Every structure is written in structure tokens, then in C-alpha cells.
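The values are calculated or read from the model by the stated rules, or taken from the named source; none is laboratory data. Because the structure is predicted, anything quoted here is derived from the model rather than measured. Please note: Cβ atoms are built from the backbone with ideal geometry, for glycine as well, and neighbour counts cover all protein chains shown.
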Amino acid sequence: MKHALVWITLILFAGSCISNKRITYLQNLPGNEAIELNEFIPFAQVDYRYVLQPFDIVDIDFASSNEELTQAFEFQGTRTMRGGGMMGGGAGDLFYFTGYSIDPEGYILLPKLGKVKISSLTEEEARLKVQEAISAYFKEEVFVKLRIGGIRFTALGEFSSSGTKVIMKNRATIFDALALSGESNILARKNKLFVIRQYDGGMKIHQINLNDRALLASEFFFIQPNDILYLEPMKIRQFGNADNFSASLGLIISVTTSLLLIFALISGNL
């Protein structure tokens, strides 16, 4: 009986160990061409370009030599909000108040111009369309700058800080998203990160491997607006409800020690 408990303990310890290969980012995995340190890695050539979707928020700036004309296109208080103290902790939601939301039919509502449809267009195509609408309305030239109000994504699963996040950049990598989400904990299956990506008219689910160094040249190295990232937990969680591996391992040791003590008492060895 005592020997059986010892073997059970060893099996539990062995089953609870997590190999470094399962938790280390960017390895040279077998079957892929090795990528060495200091080697230049070109970005993946991807034809996909993000197109604006309903419920996206875009920021539009207008510039003209005629200040009164420029102000006619701006909502009251917009400049104050952009230049004031709102760029603190709530900066990620700034564009929600100052930007233009695309409605379910794909239109934005602009002062003076009314509704302009920009869904299914890239940022540049949408900018040119707004520029064209203004040029048809006014003889004096008005310069238009249009951009997405940050890269919004949602992190779910084995992240330290899940939820909807905003990266105030024009381009962000998957590691930017991981860092903003508190990175992944030791119990995350880094070889199974699911990216739920929005395309024009629908969505697709993609699976990427954070352990694989080939990710650097992958089309999923850069995240897209409205991406949903879901990171699966390892099966090790079945050994306890602890939030991390150390607590789970402590639970295993405690239970095993108690069993050995009970056996010793019953057998009269104490």
C-alpha cells in the first residue's frame, strides 16, 4: 500500500510538470525552416486589407484656409475634447465621443453633408469619398484626414486581464495585444490561440501557435480591428481550481502528504 502511494505521488508530479516547450514563445519548431537570431524576417505578403464595417468608429479631421468653413464640419466641443484632459486613462474611448460611428447600413452622418456610405471601403477609399462629397458641396478646397479610432480587440480565456482593449496605433502585432491583455499565464495553451477575425460580410476562426517562431512571418502577426483572441487553458487545471500552477501543485502535495500520514497512522508506524 505504501509503495502504491509513492508511485501515485510520482505519477501526479510527472503529470503536473509543464515542459518549457509548451510555454516558451517563438521557438524553432520541428518541421519548419529554422529562423536564427539576428536573421532578417520579412513581413508576410498579405493581400487582405481591412475594410470598414458597420459599428466601426472613424475619426475625421478637416483642414482649410477658411477657419469658419472648417468649423462648420466639426461637432461643437470636438476640438476641446481632443486637446483637453481626456487623454488620460480613458483615452481609449476618446474616439467614441469625438469620432463618427458607422450605422448598420454602413453610413456616417456628417455635418452639412448628411449621410455618406463608407462601409466596405478601406480607410483611404473612405477618405477620398468624403473628400469628393465636400468638393461637390464647397468650391473652396477642404483637406480631409480619416482614420480608424484605434485598433479595438477583445481578449478572452487565459489572459491576466481579459476584456475589450484599444491600441492607439495604426498597426499592432499579436504581441502588442498580448502585452496589453496582461500576457498569458503559465496554464495557457500557447499553441492554441484562436483569432476570430471579422471580414466584409462575415467572420472566420483562425488558430495560431505562439510557440512557433514562424509566426513572425505569418499573416496573423498583425492584429486587425475587431479581432477576438481566445486562449485555451491546459488540461492541468483539472487537478484543482487554483488560479496558477504553483497553487495546484501545492494542493497535490498537501493531498499526497495527508494520504501518507493516514496510512502511517493506520499501519501503526507512528
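Which ones in the stretch 117-142 are loosely packed, with under 13 Cβ neighbours inside 10 Å and in contact (Cβ under 8 Å) with a residue 60 or more places away in the chain?
Residue satisfying the conditions is Glu140 alone.
Being buried (at least 16 other Cβ atoms within 10 Å of the Cβ), modelled with pLDDT of 85 or more and either of a type in the set (A, V, I, L, M) or in contact with a His (Cβ under 9 Å, 6 or more places away or on another chain) (or both) is the filter here, so list the residues in the stretch 157-191 that pass it.
Across the stretch 157-191, the qualifying residues are Val166, Ile167, Ala172, Ile174, Ala177, Leu178, Leu180.
Could you count how many residues in the stretch 181-202 are more than 15 Å from Pro233 (Cα to Cα), charged (D, E, K, R) and not in a strand (DSSP E or B)?
Of the residues in that region, 1 qualify.
Scan Asp200, Asp227, Asp212 and give me the residue that is closer than 30 Å to Arg171 by Cβ, surrounded by fewer than 16 Cβ atoms within 10 Å (Cβ to Cβ), modelled with pLDDT of 75 or more and not hydrophobic (A, V, I, L, M, F, W, C).
Working: Asp227 fails: surrounded by fewer than 16 Cβ atoms within 10 Å (Cβ to Cβ); Asp212 fails: surrounded by fewer than 16 Cβ atoms within 10 Å (Cβ to Cβ).
Selected residue: Asp200, the only one of Asp200, Asp227, Asp212 that is closer than 30 Å to Arg171 by Cβ, surrounded by fewer than 16 Cβ atoms within 10 Å (Cβ to Cβ), modelled with pLDDT of 75 or more and not hydrophobic (A, V, I, L, M, F, W, C).
Does Ile102 satisfy being among the β-branched types (Val, Ile, Thr), modelled with pLDDT of 90 or more and either surrounded by fewer than 18 Cβ atoms within 10 Å (Cβ to Cβ) or over 24 Å from the mean Cα position of the chain (by Cα) (or both)? Steps first, answer last, please.
Values: among the β-branched types (Val, Ile, Thr): yes; modelled with pLDDT of 90 or more: yes; either surrounded by fewer than 18 Cβ atoms within 10 Å (Cβ to Cβ) or over 24 Å from the mean Cα position of the chain (by Cα) (or both): no.
In short, no.
Do you know which residues across the stretch 121-148 are outside any helix (DSSP H, G or I) and out of contact with any Leu (no Cβ under 8 Å at 6 or more places or on another chain)? Spell out the reasoning first.
Keep residues of the stretch 121-148 that are outside any helix (DSSP H, G or I), which gives 121-122, 138-148.
Result: Lys139, Glu141, Phe143, Val144, Lys145, Leu146, Arg147.
Filter the stretch 151-165 for residues that are charged (D, E, K, R) and more than 18 Å from Lys192 (Cα to Cα) and give the result.
Hits for the stretch 151-165 are Arg152, Lys165.
Can you tell me how many residues in the stretch 71-96 are at pLDDT 65 or above, surrounded by fewer than 16 Cβ atoms within 10 Å (Cβ to Cβ) and within 22 Å of the chain's Cα centre (by Cα)?
From the stretch 71-96, those at pLDDT 65 or above are 71-74, 94-96; that's our starting set.
The next check asks that each one be surrounded by fewer than 16 Cβ atoms within 10 Å (Cβ to Cβ); those that pass are 71-72, 74, 96.
Those left that are additionally within 22 Å of the chain's Cα centre (by Cα): 96.
Within the stretch 71-96, residues that are at pLDDT 65 or above, surrounded by fewer than 16 Cβ atoms within 10 Å (Cβ to Cβ) and within 22 Å of the chain's Cα centre (by Cα) number 1.
From the list Ile252, Ile205, Ile236, pick out the single residue that is within 26 Å of Gly150 (Cα to Cα) and either part of a helix (DSSP H, G or I) or at pLDDT 90 or above (or both).
On the way: Ile252 fails: within 26 Å of Gly150 (Cα to Cα); Ile236 fails: within 26 Å of Gly150 (Cα to Cα).
Of the residues listed, the single one that is within 26 Å of Gly150 (Cα to Cα) and either part of a helix (DSSP H, G or I) or at pLDDT 90 or above (or both) is Ile205.
Filter the stretch 151-193 down to the residues that are within 29 Å of Gln71 (Cα to Cα) and more than 12 Å from the chain's Cα centre (by Cα) and list them by number. Give the steps one after another, and end with the answer.
Taking the stretch 151-193 as the starting set, the residues that turn out to be within 29 Å of Gln71 (Cα to Cα) are 151-152, 166-170.
Answer for the stretch 151-193, where residues must be within 29 Å of Gln71 (Cα to Cα) and more than 12 Å from the chain's Cα centre (by Cα): Met168, Lys169, Asn170.
Which one is modelled with the lowest pLDDT, of the residues in the stretch 105-156 that are out of contact with any strand residue (DSSP E or B) (no Cβ under 9 Å at 6 or more places or on another chain) and of a type in the set (S, T, N, Q)?
Ser135
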